[in-house]
Structures are given as structure tokens and as C-alpha cells.
Amino acid sequence: MAGRNGKKTVGSLVLSLGVCVVGAGIAYVFIPHDDSGDSSSVPRKDYRVELLTARRAASYPVAAPTGLPKAWKSTSVRYKDASNEAWHLGFLDPDGQYVAIEQSADRSTAEFIDQVSQDAKETSRTQTIAGETWRRYKGEKYDALVLKQKGSTTVVTGTAGFDKLTKMAESLEMKQDKTA
């Protein structure tokens, strides 16, 4: 039979729990966090160098917006060449919703659209933007506008509504620079 010193008591368990709660409270107070959901704390990403690189390297005209108001904040950019030729440019719209431009020449079109649109499904609706026919995709998380052209697929996708996706698609300038 164990002595009194070897037994755990309810009191010592409550005391241990209290110490943990106090420790968690102190950590919460002193560790910085942002509960506001405010997108103003997201830094703006300068994408000019990556855009120039992509336009020189890509086998297709690379899309980037021109003339968008400054309230549209670029947040991410990447270009993958060679084995996975893909362009990505992400933004937060003025309401803090995500909008991305995704382009690919190298991958299966259906697989690419599924991946970048988070499995949005093709609808029967289309819209004409700058003389091109874009197809609408509707999803649980993202919606998308998809433009299939010879040699590439362009997807404007994100959490923003179709009005903001359309605004982004309308602003796109597709260019290729093969002078280098």
C-alpha cells in the first residue's frame, strides 16, 4: 500500500491545472497576435522583377494587371519554369478578399484548373472580356474565370465575387518579351 506522499489528490490536480491556465494567459498577453482579420497588416509584394523574368522565360504571354487602384494589394508572386511552367500572382482586393492570376502551359488543363480554383466546377456561363470568352467556375471556397488559349490557360480565381474577378480579368495585360 502506497503512503500518503505517493497519492495524487484532486487538490494537486486542480493546482496544476491552475498553473497551466495562468501560464497560458501570460503567453497570450505577451505573444503578439492579430485577431482583427485586418488585411492592412499584410505586406505589399513588389512583383516587377518576377514579372519581367516570367515574360522573358515563358512560352506564352504572361498576364499582369495594369491600371488597378492602389487599394488592390499584391501579396504573392512566383514563376516556375522548365518542368512546371506556371505563373502565380496573388492580390487582396479593396475588401480584403483574395484574387489570384494563375497561368500554365505545361500541365493538364483540367488538373491545373482544379488545383488553382480549389476544385471549383465549370458552369454553363461565359462572359466576354477584352474580346475573349472566359468561362465561369463556381466553388465552395473559390470562384474562377478561365480563359483557354492556344499554348496556355489563364485562371483568375479567389474568394472575391465574380465582380472583382471580372475587374481583375479586365485589367490584365498579356505580354511576352523574347528580346533577351
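The values are calculated or read from the model by the stated rules, or taken from the named source; none is laboratory data. What you see is a predicted model; the values in this text were computed from it and never measured. So basically every Cβ, Gly included, is an ideal-geometry build from the backbone, and we count neighbours across all protein chains shown. Calculation scope for accessible area: heavy atoms of the full protein, side chains included, ligands and nucleic acids excluded. Shrake-Rupley method; radii C 1.70, N 1.55, O 1.52, S 1.80 Å.
One table, with the values for the structure above:
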item	result
Criterion violated by Ser124 - all others in (1) in contact with a helix residue (DSSP H, G or I) (Cβ under 8 Å, 6 or more places away or on another chain); (2) farther than 27 Å from Ala57 by Cα; (3) of a type outside the set (Lys, Arg) satisfied	(1)
Test: residue in region 115-124 that is open to solvent by less than 40 Å² (accessible area, probe 1.4 Å) and either under 19 Å from Ser171 (Cα atoms) or touching a His at 6+ places or on another chain (Cβ under 7 Å) (or both)	no
Residue in region 76-97 that is at pLDDT 95 or above, touching a Pro at 6+ places or on another chain (Cβ under 9 Å) and crowded, with 19+ Cβ neighbours inside 10 Å present	yes
Residue that is most open to solvent (accessible area, probe 1.4 Å), among those in region 98-114 that are assigned to a helix (DSSP H, G or I) and touching a residue at least 40 places away in the same chain (Cβ under 8 Å)	Thr109
